[in-house]
Amino acid sequence: MKALADYVHSKGLKLGIYSSPGPNTCAGYEGSYGHEEQDAKVYASWGIDYLKYDWCGARNIYKDSEMQAVYQKMGDALQASGRPIVFSLCQYGRDDVWKWGPQVGGNLWRTTGDIRDSWDSMSKIGFNQSEIAQYAGPGHWNDPDMLEVGNGGMNTTEYKTHMSLWAILAAPLLAGNDLQHMSEEIRQILMNRDVIAVDQDPAGKQGTRLSQSGDREIWVRELADGSKAVGLFNRASDTSNMALKWADVGFTQTPKQARDLWLHKEVKLQGPEFSASVPPHGVVMLRVSQ
């Protein structure tokens, strides 16, 4: 494992590992129950950078009310290991984890059950994250689960919506597809630097829903340089014309600059509002500055 970690690091990448606070993982392999300090020390000696810690086997011996203390054990062990290891809490959003995740050393925590590669699953998860936005910030993030972009269950438009929404949510961008065999379309979605820059914005403020009218939703995220990322999302199965008033976003006058992050071009703005035709299950994503 040390040799593997060295090889991965030589490629400029980092290495993650998976365990559970219970006796076994979801797949039935050994968990870290009773061996938290030992495992953390071994992970550090191997050169591990990331630990996903899945509640799975723990639910057979612990109650949800004990969850915080259980995760604290591994959090303390990782802290004492002598190596910075990202601590990913995977317990499906139970026990309001976002309220205590940072206290146990968590860097990210799952806010929901497992995502599936379908529009229904992705949209139900993604569009229900607004109320916990206050708990996200630099070093500790709400995690609505991995990206399904490129796994085949959604179309290209829906995958762009997926990527856009996760970026506005300041969500960890964990590619869940086969990176060796992906189309150019999928590669361009996952490697859209404009969208990634929104996700990785150093201010770390999670975006929230600005408005909703039926299947049409507008989300806004404040960015470190004073600009704002705006997503016009059409959850309907038909094309929809959507309008956004700049005053509603907090701009006192027409913004000076707006960039369409999927078309990769500047948008000319005129007047007190912006309007666009948004395809079914699609998005128009802008970065706007005063």
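Of everything in the range 255-290, what is in contact with a helix residue (DSSP H, G or I) (Cβ under 6 Å, 6 or more places away or on another chain) and either among the β-branched types (Val, Ile, Thr) or not assigned by TED's automatic domain parsing to the domain that holds ARG221 (or both)? Give them in sequence order.
Result: VAL283, single match.
What are the residues in the range 7-47 that are of a type in the set (A, V, I, L, M), closer than 13 Å to LEU78 by Cβ and touching a helix residue (DSSP H, G or I) at 6+ places or on another chain (Cβ under 9 Å), if any? Talk me through it step by step, then tell me what you get.
First, pick out the residues of the range 7-47 that are of a type in the set (A, V, I, L, M): 8, 13, 15, 17, 27, 40, 42, 44.
The next check asks that each one be closer than 13 Å to LEU78 by Cβ; those that pass are 17, 40, 42, 44.
ILE17, ALA40, ALA44 - these are the residues of the range 7-47 that are of a type in the set (A, V, I, L, M), closer than 13 Å to LEU78 by Cβ and touching a helix residue (DSSP H, G or I) at 6+ places or on another chain (Cβ under 9 Å).
Would you confirm whether any residue within the range 200-221 is farther than 22 Å from VAL86 by Cβ, touching a residue at least 60 places away in the same chain (Cβ under 8 Å) and hydrophobic (A, V, I, L, M, F, W, C)?
Within the range 200-221, one or more residues are farther than 22 Å from VAL86 by Cβ, touching a residue at least 60 places away in the same chain (Cβ under 8 Å) and hydrophobic (A, V, I, L, M, F, W, C).
Can you find, within the range 54-75, the residue that is farthest from PRO23 (Cα to Cα) among those that are small (Gly, Ala, Ser) and surrounded by 17 or more Cβ atoms within 10 Å (Cβ to Cβ)? Full working, then the answer.
Step one: of the range 54-75, the residues small (Gly, Ala, Ser) are 57-58, 65, 69, 75.
With surrounded by 17 or more Cβ atoms within 10 Å (Cβ to Cβ) added as a condition, the list becomes 57-58, 75.
On the way: GLY57: 6, ALA58: 7, GLY75: 17 Å.
Checked the range 54-75; the qualifying residue farthest from PRO23 (Cα to Cα) is GLY75.
Filter the range 132-183 down to the residues that are charged (D, E, K, R), under 20 Å from HIS281 (Cβ atoms) and without any contact (Cβ under 8 Å) to a residue 40 or more places away in the chain and list them by number.
At the first step, the residues of the range 132-183 found to be charged (D, E, K, R) are 143, 145, 148, 158, 160, 178.
Narrowing further to those that are under 20 Å from HIS281 (Cβ atoms): 145, 148, 158, 160.
Scanning the range 132-183 gives ASP145, GLU148.
Could you please find all residues in the range 6-39 being outside any loop (DSSP other than H, G, I, E, B) and over 25 Å from the mean Cα position of the chain (by Cα)? So that I can check it myself, show each step before the final result.
Residues of the range 6-39 that are outside any loop (DSSP other than H, G, I, E, B), as a first pass: 6-10, 16-19, 24, 30, 36-39.
ASP6, TYR7, SER10, ASN24, GLU30, GLU36, GLU37, GLN38, ASP39, listed by residue number.
Matching residues to (1) under 30 Å from ILE186 (Cβ atoms); (2) touching a residue at least 40 places away in the same chain (Cβ under 8 Å):
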residue	(1), (2)
ASP225	yes, yes
LYS228	yes, yes
GLY231	yes, yes
ASN234	yes, yes
LEU244	yes, no
ASP260	yes, no
LYS265	yes, no
GLY271	no, no
ARG287	yes, yes
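Take the residues of the range 76-90 that are over 21 Å from the mean Cα position of the chain (by Cα) and among the polar types (S, T, N, Q): which is surrounded by the fewest Cβ atoms within 10 Å (Cβ to Cβ)? Walk me through how you get there before you give the answer.
Here is the first cut: in the range 76-90, the residues over 21 Å from the mean Cα position of the chain (by Cα) are 76-83.
Within this subset, residues satisfying the condition of being among the polar types (S, T, N, Q) are 79, 81.
Working: GLN79: 15, SER81: 18.
My answer is GLN79.
Please return the ranges of strands (runs of 3 or more DSSP E) entirely within the range 231-290 where 1 or more residues are crowded, with 20+ Cβ neighbours inside 10 Å and modelled with pLDDT under 95. It would help to see each step written out before you state the result.
On the way: elements: 240-245, 257-260, 273-278, 283-289.
In the range 231-290, no matching strands (runs of 3 or more DSSP E) lie anywhere.
The values are calculated or read from the model by the stated rules, or taken from the named source; none is laboratory data. Here the structure is a predicted model, which means the values were calculated and not measured. With ideal geometry, Cβ positions are generated from the backbone for all residues, glycine too; neighbour counts draw on all protein chains shown.
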